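The values are calculated or read from the model by the stated rules, or taken from the named source; none is laboratory data. Only a predicted model underlies this, so the values are computations on that prediction, with no experimental measurement involved. Here the Cβ positions follow ideal geometry from the backbone for every residue, glycine too, while neighbour counts run over all protein chains shown.
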Amino acid sequence: MSFLSQTLARVKPSPTIAITGLARELAAQGKDIISLSAGEPDFDTPEHIREAAKAAIDAGHTRYTAVDGMPELKAAICQKFKRENGLDYTPAQITVGTGGKQILYNAFMATLNPGDEVIIPAPYWVSYPDMVLLAGGTPVFAEATMQNGYRLTPEALEAAITPRTKWVIMNSPSNPTGAGYTREHLQALTDVLMRHPHVWVLADDIYEHLVFDDFTFVTPAQVQPALKDRTLTMNGVSKAYAMTGWRIGYGAGPVELIKAMAKLQSQSTSNPSSISQYAALAALEGPQDYIAESRAVFERRRNLVVEGLNACPGIVCPVPEGAFYVYPSIRDLIGKTSAGGTLISDDESFATALLHETGVAVVFGAAFGLSPHFRISYATSDEVLTDACARIRQFCEGLR
Ligand SMILES: Cc1ncc(COP(=O)(O)O)c(C=O)c1O
């Protein structure tokens with residue numbers, strides 16, 4: 001019998017491991033590799049936030065804090081929800097964890113029993129299904145196709161709901177597609193949920209501030225206030241303030257759920273880093289200029305990448321509303337053979353051949369549950385993106 005737990009056996013090895021491993025191997029061999037797989041802004045954390053962290057150390061804020069966040073930070077998060085989302089929460093309805101990831105994990109661990117289902121729109125962020133499986137639940141996938149703007153439709157949601165459904169995950173703008181849900185899109189989904197009072201909403205708003213053109217971000221509890229009592233609204237500082245390494249995420253929801261999540265956290269990690277909490281406080285309460293600045297840069301890069309990819313024969317790249325990803329289709333390339341002699345039978349063979357023959361590392365769609373596509377993260381410089389698009393174009397032009 002294995003020494004390792006049966007819980008761990010529920011989690012499949014990540015399909016992205018093969019391609020990232022290969023990229024690393026080729027780079028170690030001295031090949032010129034461009035990796036477009038990172039899930040984080042390429043900017044430094046704004047200076048006033050870094051200074052606040054240094055000041056926190058010097059002021060001796062280096063001890064345990066309240067398990068799920070210090071009161072000052074919870075108050076700042078309540079103000080954030082009021083200011084930016086028009087949502088009223090009290091500090092007792094707020095929980096702070098080590099990244100948005102811990103908030104999601106706590107929520108599933110605190111609520112799922114064997115057989116409980118969680119509806120996950122596909123394509124999805126790779127961690128959702130595995131977190132649900134680790135917590136003993138069952139992921140139920142509902143397709144969000146390119147034809148529907150990569151958004152879950154009310155019909156697909158309705159069809160996925162069963163008496164065992166506990167949560168539906170909503171992620172706007174989305175990783176991996178960048179798709180954003182307008183108020184009208186969300187309203188159509190919340191109308192469905194109003195007919196199914198046993199289903200809770202997990203709103204993953206981590207990309208809230210990365211929205212482009214005239215897109216207006218909205219969150220489910222704001223669109224349908226009657227759902228607020230069964231919604232966990234999750235957010236964090238990672239993507240909004242280029243703070244991925246600081247590990248601060250937060251959630252807002254009904255007190256009973258928040259208390260249960262804190263109970264779990266008290267016996268696992270306890271409080272997130274005290275220094276990071278002071279940094280997050282400075283991020284939420286300080287000047288917000290960084291948000292508009294980074295948004296402008298990402299919008300320019302998005303335009304560059306969408307244009308570059310649509311110039312590649314056989315690639316169709318929709319224009320995403322937000323985040324820093326594009327999720328083009330390669331349907332027209334399936335069945336072709338690359339200049340290097342590889343048959344493109346699916347998106348994995350496309351990504352592998354692209355990496356071998358051009359040095360560009362992308363993540364294939366099967367990893368996110370919708371094929372045949374691939375994901376590019378454009379959180380890198382214009383020069384790198386221009387080079388990558390030129391290489392991808394050459395690769396596509398060489399397909400026979
Ligand atoms: C969709 C989505 N949700 C949540 C997270 C978690 O972010 P963090 O744990 O850094 O707050 C990520 C990070 O990549 C993400 O892409």
When residues of region 150-175 are limited to those that are of a type in the set (S, T, Y) and assigned to a loop (DSSP other than H, G, I, E, B), the one nearest to the ligand (Cβ to nearest atom): S174
Note: among Y128, Y124, Y150, just one is on the phi > 0 side of the Ramachandran plot and of a type outside the set (S, T, N, Q), namely Y150
Of the conditions (1) within 13 Å of the ligand (Cβ to nearest atom); (2) farther than 28 Å from H373 by Cβ; (3) surrounded by fewer than 22 Cβ atoms within 10 Å (Cβ to Cβ); (4) of a type outside the set (A, V, I, L, M, F, W, C), N106 fails just one. Which one is it? (3)
Per-region count, region 349-374, residues in contact with an Asp or Glu (Cβ under 7 Å, 6 or more places away or on another chain) and either in a helix (DSSP H, G or I) or among the small types (G, A, S) (or both): 4
Working carefully through the options V326, V297, V305, V316, find the one that is at pLDDT 95 or above, in contact with a Leu (Cβ under 6 Å, 6 or more places away or on another chain) and of a type in the set (V, I, T). V305
Kindly check whether there is at least one residue in region 364-372 that is more than 23 Å from L210 (Cβ to Cβ), polar (S, T, N, Q), surrounded by fewer than 21 Cβ atoms within 10 Å (Cβ to Cβ) and more than 16 Å from the ligand (Cβ to nearest atom). yes
Considering only residues of region 245-281 that are within 13 Å of the ligand (Cβ to nearest atom) and part of a helix (DSSP H, G or I), which is farthest from S172 (Cα to Cα)? S276
Can you find a residue that is assigned to a loop (DSSP other than H, G, I, E, B) and away from the ligand (no atom under 16 Å from the Cβ) anywhere in region 233-244? no
Pairs where the first residue, in region 19-34, is in contact (Cβ under 8 Å) with a residue 24 or more places away in the chain and the second is of a type in the set (K, R) and part of a helix (DSSP H, G or I), C-beta under 8 Å, 6+ apart: I34/R391
Are any residues in region 176-228 touching a residue at least 40 places away in the same chain (Cβ under 8 Å), among the acidic types (D, E) and either outside any loop (DSSP other than H, G, I, E, B) or away from the ligand (no atom under 16 Å from the Cβ) (or both), and if so, which ones? D204, D213
If you take the residues in region 85-103 that are more than 11 Å from T233 (Cβ to Cβ) and more than 16 Å from the ligand (Cβ to nearest atom), which one is surrounded by the most Cβ atoms within 10 Å (Cβ to Cβ)? P91
